[in-house]
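The structure under discussion appears below in the form of structure tokens.
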Amino acid sequence: MTAALEVRELYMTFSGVDALSSVSLSVPQGTWMGLIGPNGSGKSTMLNVLSGLYKPRAGAVVVSGSDLGRVPARSRIKHGVCRTFQHPQLAASLTILENVMVGAVRGRGASADDETGLQWLARLGCAEYAEHLPAEVPYGVQKRAEVARALISEPSLLLLDEPAAGLSARERAELVAALREVREVLPDLTLCLVEHDVGLVASVCTELAVLSAGKLIAHGPTDEVLADDAVKLAYLGSRSTT
Amino acid sequence: MSKKLVGLTVALTTLSTALAGCGGGGDSASGAGGDEIVIGAFSPLSGPAVSASSGIYATKAALDKVNDAGGIDGHKIKFIIKDDQFDPAKTPGVTRELVETDRVSMLCGPQGSVPFGAVKDYLAARKIPTIVNAGAPTLAGEYSYLVSSPFDGVGAMLAQFAVEDLDIDKVAIAYSDDALGTSARDGAVRILEADGLEPLGEIKYDITATDFSSQAIQLKATGADFVSIPAAQANVAGLVINAAEKIGYKPIWGLSYAAQNKTLVDVTKGAIDGRAYFATPYITEESETGAEYAATLAEYAPDVEVNSGATIAGYTIGELCVDVLTKAVEAADGEVPTSAQIQETLSSYTADNDYIQGIDWSDEPDGAAAAQILQLKDGKYVESKPFAPLP
Amino acid sequence: MELLQTSLILGVVVGIVYSLSGAGLVVIFRTSGYISFTQGDIAAVGLFVGLAAYNSGAGYVWTALLVIAVSTLVGGLVGALITVPLEKHGHLPAALSTIATALIISGLLNLTVGGDPRSFPEVSRSEALSILGVQMSWSDVAGVLVSASVFIGLGVFFSRSRMGVAMRAVNDNKLAGELLGVPDRRLKLVSWTVAGALSGLLGLFVAPILSLSTVSVNTLLVFGFCAIVIGGFDSIFGALVAGTAIGVMTNLTSTYLDPNLVPTVLWASMLLVLLVRPNGLFGRRKLVRV
């Protein structure tokens, strides 16, 4: 079976420093993979490469069998790749619902109508804000609206960039509930979740990949990875040794 | 915003002017015999006001005719025209070129009240005399001589014509709040009051406005049978007239040579034919002298509009310049006259000829004290009341 | 009383034309985020071509269609070849390029057709109806009806159609637009083309009133600009209401105060709105959460 996402020998260099170095991994369809690692380990770089904002120095990104090496960022949505941002990127003069519907302009859910948009907002627990402008709604709602916008494009691979960053405990709980709802509705969706909050990642992801200084140091089922000594050392090292 | 646009227009249209090759001066006449008399003028040869340039081409036609007949006592006239685009910000630059580089001894027929206003003092300081092709009374000065009748007199003459010749006592005035507009209004009021009347309305308009429906409504509300709007140029007069006629108000319109041209007829689509009168100190194509004028124009400036007030004014000024220069050459014993000699001639000059009547610059350097009234009839300007002194 | 009634009614009629001139500006502003100063000159090109056709015997309908077709084409070309490509250097160069383009077009027009104002054909001067004693010609009626349908059409397009919503998103958030695959370049070209068509349409109503010269449509765009500032840059409906209000306000000012006060009243009310409601009367107010 073709993997939903396959990364082969990825290298990314910023002014001589390797941000990613020889990263290879394969994610089967329907898998929710958490991408974790300390600050500067290359998580965000990885997401930017996958979504096409960065062009890697070497290596391949293959989604559902197609090599996206020559596919620019703006066309990746047609290959089923969609992402969110750590800081929500919503159009300020559009309502939340209108923002969501922008995801349907080029996405594969071209037949989606306002009804579908509202449905997604409802599933993510923010239907009541549909007619508000982004600046008028809580931060957590903005972040979930971005998820809804990505989902309406009917992606096969969804990339979430720190969806919990900046959220209160309550908003985090709402986010987890929303993500579980998504999982329920879209069992075939493959998800790549970059997040600092390891607890949150562990509670929604079945697999974890760990980056450290641009290298993939572990990749496997969540429990196994969290138990891995190398991971503990690299990722939690500073905390466990003191 | 529009001002900014206008400002930038200046910069960019300079380029188009250069491309058009129409910014250059008059050709130097390679005359045998005496030295050239170098004179100049500025005019909107390009830009939005380019249509006014018919006046300078007519001035040039009058001078060219003299050159072809051998010049003035053997001296050819070199007439240098500079393009100022009717922009008072550009006028000083081109005027300096004329005075300091081209060394003109006088300006003959530079156009426009506002552009000339920008250089009047400079020219006086350099003692360069000018016969101005513009109507604002404030332009007259020690070195600047006006030809067009003062608008006070034009307004007065139209009011007198309405009351005495057309037998109308319901007269309204539309005016712009500037020197031309208010003096025309005051002239009309003066005459009406002398006849024991008063205007049914004095409606102000802004020449830069886009919408004149408010003026139309107010004019209509006066119920006047004659509306005097002499200071308006053709485009503004056309907008006011159109706005009024659009709401069903069709009075007799009193205008002047400022609006006497094809543009007015075109813009109003001929609706005012037979109902529009023009006070003018200038002749018409239909008159006897006019035939000669039209023939000269057909030969030397075949593209300009013969029947336009601005063209006839320009031509008349050309004729005046020739007359003045002829007298100045005589005073200089047949030599090329200096600016001072031309100024001397001008300051004692009077004219009462086939082209213009009632010029007496020995008294005041202001315009013609006599005018006639023309009627727009079947697209032509025909005499309705012969030349008479302005009241 | 009749003076007041007539002032009000004619104010509305001219105000709707002001609104229409604002509409073309809003369409470009929504996708690109700046004002195009070249719309009047785009219209002028269309109008002069149309007038040439009319003078050589084309009927009014063909003339009108030709004006709109040429304006649409010129608008699209200016956007495609000049302004949109310059956007990569930022909004300011792009906006400045619209001024430069405007001046180049008007320079070329002055050179080719000259500055003389001419009359331009209109729908019909004959009386269509009379409102409170004010006669309205078929041209007035057509102007009001066409403007109204343009406003309804644009309003529906921007709020209901997916392309309309996407056009608004393009300028608002570039990054998101790119990642979501919103074809921003294409949408911008669409907006320039549509704005070109609107300018031509506007010209058809302006030229008969102001007479056609190289500057006639431009002089009106000032009012359109004020209309969208007062109404709200992103609000088509706002442009309609504000344009009409400006028409009435300037007419009353001219009638009862002083015609020379019109620009002062116009710009002062624009500044006042900017100070009190920076997003315009009908622009959506952005609440800042603390």
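Annotations
- For B:TYR175, the residues 5 or more places off, or on other chains, whose built amide H falls under 5 Å of its own are B:ILE203, B:LYS204, B:TYR205.
- Coarse-grained scattering of the range A:106-242 at q = 0.11, 0.14, 0.19 Å⁻¹, given as base-10 log I(q)/I(0) from a Debye sum over alpha-carbon atoms: -0.47, -0.72, -1.13
- At the listed q of 0.21, 0.23 Å⁻¹, the Debye profile of the range C:1-130, built from one uniform point per Cα, gives log10 I(q)/I(0) equal to -1.25, -1.34.
- If you wrap the range C:220-266 in the convex hull of its Cα atoms and look at it from every side, the mean projected area works out to 2.9 nm².
- Placing +1 on each Lys and Arg Cβ and -1 on each Asp and Glu Cβ, with no other charges, gives the protein assembly as shown a dipole about its Cα centre of roughly 5040 debye.
- Using the Cβ-Cβ distance between B:ALA125 and B:LYS380 with R0 set to 51 Å, the FRET efficiency works out to roughly 0.70.
- The base-10 log of I(q)/I(0) for chain C, evaluated at q = 0.08, 0.15 Å⁻¹, reads -0.34, -1.18 [Debye formula, identical scatterers on Cα atoms, solvent excluded].
- Since only A:GLY59, A:VAL71, A:VAL100 are under comparison, the one whose Cα sits farthest along the positive direction of the charge dipole of the range A:1-130, derived from C-beta charges on Lys, Arg, Asp and Glu, is A:GLY59.
- Computed 3J(HN,Hα) for the range C:211-221, one whole-Hz value per residue from the Karplus formula 6.51 cos²θ - 1.76 cosθ + 1.60 where θ = phi - 60°, is 6, 8, 9, 5, 10, 4, 6, 4, 4, 7, 5, glycine and proline marked x.
- Rg to Rh, two decimals, where the range B:161-298 supplies the alpha carbon set and Rh follows Kirkwood: 0.99
- Sequence of A:VAL100, A:VAL176 from largest to smallest accessible area, 1.4 Å probe: A:VAL176, A:VAL100
- Between A:HIS196 and C:LEU132, the simple label model (points 7 Å from Cα in the Cβ direction) yields a spacing of 6.4 nm.
- FRET efficiency, A:THR206 to A:ASP114 (Cβ-Cβ, R0 25 Å, nearest 0.05): 0.15
- For the protein assembly as shown, the residue among C:ILE131, C:LEU8, C:THR193 whose Cα projects farthest onto the positive side of the dipole built from Cβ charges is C:THR193.
- For the range A:61-94, heavy-atom accessible area (probe 1.4 Å) falls by no less than 40 Å² from the chain alone to the full protein assembly at A:ARG74, A:PHE85, A:GLN89, A:SER93, A:LEU94.
- Label point 7 Å beyond Cα of A:ARG183 along Cβ direction - residues of the range A:197-226 with amide nitrogen under 17 Å: A:197-209, A:220-226
- Evaluated on the range B:203-264, the Kirkwood hydrodynamic radius is 11.5 Å, with distances taken between all distinct Cα atoms.
- Computed over protein heavy atoms with a 1.4 Å probe, the accessible surface of the range C:133-232 works out to 30 Å² per residue.
- Within the assembled protein chains, the solvent-accessible surface assigned to A:HIS196 is about 80 Å², based on a 1.4 Å probe.
- The range A:118-199: projected area of the alpha-carbon convex hull, averaged over directions, in nm²: 5.2 nm²
- Between C and A, accessible area buried - total, square angstrom, nearest 100, 1.4 angstrom probe: 2600 Å²
- Rg and Dmax, both from the Cα atoms of the range A:1-160 and both in Å, are 16.5, 49.
- Under-5 Å amide H pairs with C:GLY115, H placed in peptide plane, nonlocal only: B:VAL50, B:SER51
- Normalised by 2.2 N^0.38 Å, where N is the number of residues, the alpha-carbon radius of gyration of the range B:52-140 equals 1.09.
- FRET efficiency, C:LYS174 to B:GLU142 (Cβ-Cβ, R0 41 Å, nearest 0.05): 0.05
- When only Cα pairs below 8 angstrom with a gap of at least 6 residues are kept, chain B shows a relative contact order of 17 percent.
- Counted over the range B:92-145 with a bin width of 5 Å, the fraction of Cα pairs per bin, in whole percents, is 5, 22, 38, 26, 8, 1.
- Threshold 10 Å², the range C:233-267 residues less accessible with all protein chains present than alone (1.4 Å probe): C:ASP234, C:ASN251, C:SER254, C:THR255, C:ASP258, C:PRO259, C:ASN260, C:PRO263, C:TRP267
- Of the Cα atoms belonging to the range C:191-290, the radius of gyration and Dmax stand at 15.2, 54 Å.
- Complex-versus-alone comparison for the range C:142-172, residues with a loss of 30 Å² or more in accessible area, probe 1.4 Å: C:ARG162, C:VAL165, C:ARG168, C:ALA169, C:ASP172
- Excluding ligands, DNA and RNA, the accessible surface per residue across chain B is 37 Å² with a 1.4 Å probe.
- A convex hull fitted to the Cα coordinates of the range A:106-165 yields 91 cubic angstrom per residue.
- Screening chain B for DSSP H helices whose Cα atoms reach 15 Å or more along their own axis and whose mean Kyte hydropathy is at least 0.5 gives B:2-20, B:113-125, B:234-246, B:309-331.
- Ratio of the Cα radius of gyration of chain B to 2.2 N^0.38 Å, where N counts its residues: 0.97
- Gap separating the Cα centres of the range B:259-325 and the range A:122-165, nearest whole Å: 74 Å
- Largest first and in whole Å, the equivalent-ellipsoid semi-axes of the range C:1-63 read 27, 24, 8, each the square root of five times a Cα gyration tensor eigenvalue.
- D_trans [Stokes-Einstein, Kirkwood Rh over alpha-carbon pairs] for the range C:60-152, 4 °C, 1.567 mPa s, µm² s⁻¹: 78 µm²/s
- Share of carbon and sulfur in the accessible area of the range C:1-88 stands at 76%, probe radius 1.4 Å.
- Enclosing the Cα atoms of the range B:113-181 in their convex hull gives a volume equal to 81 cubic angstrom per residue.
- Kirkwood hydrodynamic radius of the protein assembly as shown, Cα pairs, Å: 32.1 Å
- For the range B:267-391, the residue among B:GLY309, B:SER348, B:GLY379 whose Cα projects farthest onto the positive side of the dipole built from Cβ charges is B:GLY379.
- In the range B:217-347, the convex hull through the Cα atoms has an average projected area of 10.6 nm², a quarter of its surface area.
- Each of B:TYR143, A:TYR54 has its accessible area taken with a 1.4 Å probe; listed largest first, they run A:TYR54, B:TYR143.
- For the chain pair B and C, buried accessible area totals roughly 3400 Å², probe 1.4 Å, rounded to the nearest 100.
- Value in Å of the Kirkwood radius, where the range B:90-229 supplies the Cα pairs that are averaged: 16.8 Å
The values are calculated or read from the model by the stated rules, or taken from the named source; none is laboratory data. Everything numeric here is computed off the predicted structure, so don't read it as measured data. No Cβ is skipped: glycine too gets one built from the backbone with ideal geometry, and neighbour counts run over all protein chains shown. Just the protein is used for accessible areas: all its heavy atoms, side chains included, with ligands, DNA and RNA removed. Shrake-Rupley method; radii C 1.70, N 1.55, O 1.52, S 1.80 Å.
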